[in-house]
Amino acid sequence: MSGKATRDAYGEAILELGKANPDIYVVDADIGKSCKTVPFFEQLPNQHVNVGIAEQNCCGVAAGLATTGKIPFVTTYAVFGSMRMVEQIRQEVCYPKLNVKIACSHGGFTPASDGASHQAIEDMGILRTIPGMTVVMPADYYSAKKLVKAAAEIKGAVYLRFTRDPIPFIYPEDAEFEIGKAVKLKDGKDIAIIANGDIMSVALKAAEELEAKGYSVKLLDMHTIKPLDMAAVNDVIDNIGKIITVEDHNILNGLGSAVCEVVAEKGKGIVKRVGIQDKFGESAPYEYLLGVNGITVENIVNSALEMLK
């Protein structure tokens with residue numbers, strides 16, 4: 001299956017946004033080549049600021065721009081955009097309710113051979129706990145382009161997480177997306193799989209294998225984990241009751257935890273979390289890192305069959 005990296009979608013979308021709106025700014029941390037913002041700098045230099053390798057300063061500059069009515073997109077790697085500048089995000093963006101977007105490539109295990117220091121396995125969990133923050137991870141190139149543009153249109157802080165390597169196309173170019181509203185890729189009644197990001201293609205293959213075995217599977221793309229689509233989760237709890245969450249993120253405080261919180265408050269339903277098993281990665285191929293954490297078609301299918309007994 002052919003595909004393209006979601007960081008490429010970001011680079012193209014932000015350039016289109018910047019050309020259409022002079023208030024759109026990019027604040028880079030000296031890795032524009034990796035984060036695909038070089039064309040933005042080349043074509044819109046007056047809307048671009050590169051602060052160098054100083055992520056906290058990136059956030060402060062973006063906050064200042066936001067106070068003047070600009071719409072800044074801080075652009076860096078996920079591990080730096082979520083952790084190195086988390087205090088600035090909390091104090092300078094979310095607390096004063098400023099309109100700043102944090103757009104980060106290399107989320108989850110996608111840095112692979114770069115090792116644990118560059119693998120952001122905690123980022124979405126950290127940022128979803130900050131009041132006022134919206135947290136989004138698109139599932140493919142086309143959804144990423146649409147969700148970047150949707151993020152520019154809403155007021156307030158948004159964290160956008162992208163992949164480094166190409167991932168399969170899932171959606172057609174004309175698909176529409178709304179921040180905070182899950183997309184139903186399959187409808188079913190026996191078991192539900194809720195996934196997001198680069199791992200969606202794995203979840204989709206697992207759903208297809210389960211269907212081949214005669215089971216009816218509901219598959220949701222929960223691209224926004226905050227605000228979570230409560231209606232979609234509650235519908236699954238009420239009408240199916242068996243849920244598997246799949247994510248390229250620590251199973252603590254990510255998508256799986258967000259879904260479990262709803263299930264716990266509802267007081268019914270069971271959840272199996274498939275994701276990074278609360279351990280650091282290592283320098284290794286991406287598929288290997290997913291495999292040792294059970295983020296595989298085989299594990300999703302086997303987990304579903306166990307729940308369906």
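The values are calculated or read from the model by the stated rules, or taken from the named source; none is laboratory data. Computed from a predicted structure; not experimentally measured. Reconstructed Cβ throughout: ideal geometry from the backbone, glycine too, with neighbour counts over all protein chains shown.
Applying the condition of being over 18 Å from the mean Cα position of the chain (by Cα) and farther than 22 Å from G269 by Cα to the range 166-196 and asking which residue is surrounded by the most Cβ atoms within 10 Å (Cβ to Cβ) yields E173. Evaluation of P45 against the conditions (1) touching a residue at least 12 places away in the same chain (Cβ under 8 Å); (2) more than 28 Å from Q91 (Cβ to Cβ) shows that the sole unmet condition is (1). Screening the range 34-85 for residues that are among the charged types (D, E, K, R) and over 21 Å from the mean Cα position of the chain (by Cα) and picking the one that is surrounded by the most Cβ atoms within 10 Å (Cβ to Cβ) gives K70.
All conditions but one from (1) surrounded by 24 or more Cβ atoms within 10 Å (Cβ to Cβ); (2) in contact with a Cys (Cβ under 9 Å, 6 or more places away or on another chain) apply to Q88; the one that does not is (1).
Would it be correct to say that K205 is in a helix (DSSP H, G or I), surrounded by fewer than 18 Cβ atoms within 10 Å (Cβ to Cβ) and not assigned by TED's automatic domain parsing to the domain that holds A78? Yes: the conditions hold for K205.
Any residue at all in the range 279-292 that's within 19 Å of D229 (Cα to Cα) and outside the structural domain of T134 (by TED's automatic domain parsing)? Give the steps one after another, and end with the answer.
Taking the range 279-292 first, the residues within 19 Å of D229 (Cα to Cα) are none.
There is no residue in the range 279-292 that is within 19 Å of D229 (Cα to Cα) and outside the structural domain of T134 (by TED's automatic domain parsing).
Residues checked against (1) touching a Phe, Trp or Tyr at 6+ places or on another chain (Cβ under 9 Å); (2) more than 27 Å from M307 (Cα to Cα); (3) free of Cβ contacts under 8 Å to residues at least 60 places away in the same chain:
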position: E153; (1), (2), (3): no, yes, yes
position: I167; (1), (2), (3): yes, yes, no
position: I170; (1), (2), (3): yes, no, yes
position: G188; (1), (2), (3): yes, no, yes
position: S216; (1), (2), (3): no, no, yes
position: P227; (1), (2), (3): no, yes, no
position: N234; (1), (2), (3): no, no, yes
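The selection criterion, being surrounded by fewer than 24 Cβ atoms within 10 Å (Cβ to Cβ), free of Cβ contacts under 8 Å to residues at least 60 places away in the same chain and farther than 22 Å from D8 by Cα, holds for E211. Just checking, does the range 232-254 include any residue being touching a His at 6+ places or on another chain (Cβ under 7 Å) and not aromatic (F, W, Y)? Taking every residue of the range 232-254 in turn, none turns out to be touching a His at 6+ places or on another chain (Cβ under 7 Å) and not aromatic (F, W, Y).
For L17, the criteria (1) modelled with pLDDT of 95 or more; (2) over 29 Å from P166 (Cβ atoms) hold in every case but one, which is (2). Within the range 175-199, the set of residues being closer than 30 Å to G81 by Cβ and part of a loop (DSSP other than H, G, I, E, B) comprises A175, E176, F177, E178, I179, G180, K181, A182, N196.
The residues in the range 51-68 that are out of contact with any helix residue (DSSP H, G or I) (no Cβ under 7 Å at 6 or more places or on another chain) and closer than 15 Å to A103 by Cβ can be counted, and the count is 5. Beta carbons closer than 6 Å, at least 6 apart along the sequence or on distinct chains, never pair a first residue in the range 237-263 that is in the same structural domain as Q119 (by TED's automatic domain parsing) with a second that is of a type in the set (S, T, Y) and buried (at least 23 other Cβ atoms within 10 Å of the Cβ). Just so you know, in the range 113-136 the residues that are polar (S, T, N, Q) and within 16 Å of the chain's Cα centre (by Cα) include one that is surrounded by the fewest Cβ atoms within 10 Å (Cβ to Cβ), and it is T129.
Enumerate the helices (runs of 4 or more DSSP H) found wholly within the range 1-64, keeping only those where 1 or more residues are outside the structural domain of A144 (by TED's automatic domain parsing) and either touching a strand residue (DSSP E or B) at 6+ places or on another chain (Cβ under 6 Å) or charged (D, E, K, R) (or both). Even if it seems obvious, please write down each step before you answer.
Numbers: elements: 6-20, 32-35, 38-43.
In the range 1-64, there are no helices (runs of 4 or more DSSP H) which contain 1 or more residues that are outside the structural domain of A144 (by TED's automatic domain parsing) and either touching a strand residue (DSSP E or B) at 6+ places or on another chain (Cβ under 6 Å) or charged (D, E, K, R) (or both).
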